[in-house]
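Peer 1: Structure in structure tokens, see below.
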Amino acid sequence: MKATRLGWMGVKTRQFAQMNAFYRDVLNLDVLSIDDRSGRFKLNDGTEVHVYGELDEDHGFFGSGPVVALEVDNFAAARTRLLSAGIKFVYEEPQRASGKVWQHFFAPDGNVYEIIGNDVAAWPGPRPEGDLLSGQAARAAHVKR
């Protein structure tokens, strides 16, 4: 297992309108969508940057700084390695949507991070050995990021 790149970044802020304007007008990021709860932007390499405002109810566990996702080449192996190292996850089961699987965790510095990878459950045909959907772990969760 290896972290291969930054896969995503998000921030929850009271300065919601100002941060949306900053990403859109100052940094000139491509706008994916902006509504009353979130702003979603994209960097040139495809990495998404999300801003969550006070009306967002799904990201209360974010701290005061940005949360970054580390994209991994094997999500199941990465999750197992984190668990073996005593890392605590924010929620028990990984989230899944749009062919991706992710899970937030508390790093040794106390900040929230995320691992994200391709969801092998979305693959056609047989899934690789050791994937997260074998046996009791089978679960389809479509939680909005």
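The values are calculated or read from the model by the stated rules, or taken from the named source; none is laboratory data. Since we're looking at a predicted model, the values are computed, not measured. No Cβ is skipped: glycine too gets one built from the backbone with ideal geometry, and neighbour counts run over all protein chains shown.
Peer 1: Please verify whether Ala76 is in contact with a Gly (Cβ under 6 Å, 6 or more places away or on another chain) and closer than 12 Å to Tyr113 by Cα, treating the condition exactly as stated.
Peer 2: Working: in contact with a Gly (Cβ under 6 Å, 6 or more places away or on another chain): yes; closer than 12 Å to Tyr113 by Cα: no.
When the stated conditions are applied, Ala76 does not pass them.
Peer 1: Do we have any residue at all in the range 80-96 that's in a strand (DSSP E or B) and over 23 Å from Gly63 (Cβ atoms)?
Peer 2: yes
Residues checked against (1) exposed (fewer than 10 other Cβ atoms within 10 Å of the Cβ); (2) closer than 18 Å to Leu6 by Cα; (3) modelled with pLDDT under 90; (4) not polar (S, T, N, Q):
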position: Asp35; (1), (2), (3), (4): no, no, no, yes
position: Gly39; (1), (2), (3), (4): no, no, no, yes
position: Val67; (1), (2), (3), (4): no, yes, no, yes
position: Leu83; (1), (2), (3), (4): no, no, no, yes
position: Pro108; (1), (2), (3), (4): yes, no, yes, yes
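Peer 1: Do you know which of the residues in the range 97-123 that are aromatic (Phe, Trp, Tyr) and part of a strand (DSSP E or B) is farthest from Ala69 (Cα to Cα)?
Peer 2: Per the criteria, the residue is Phe106.
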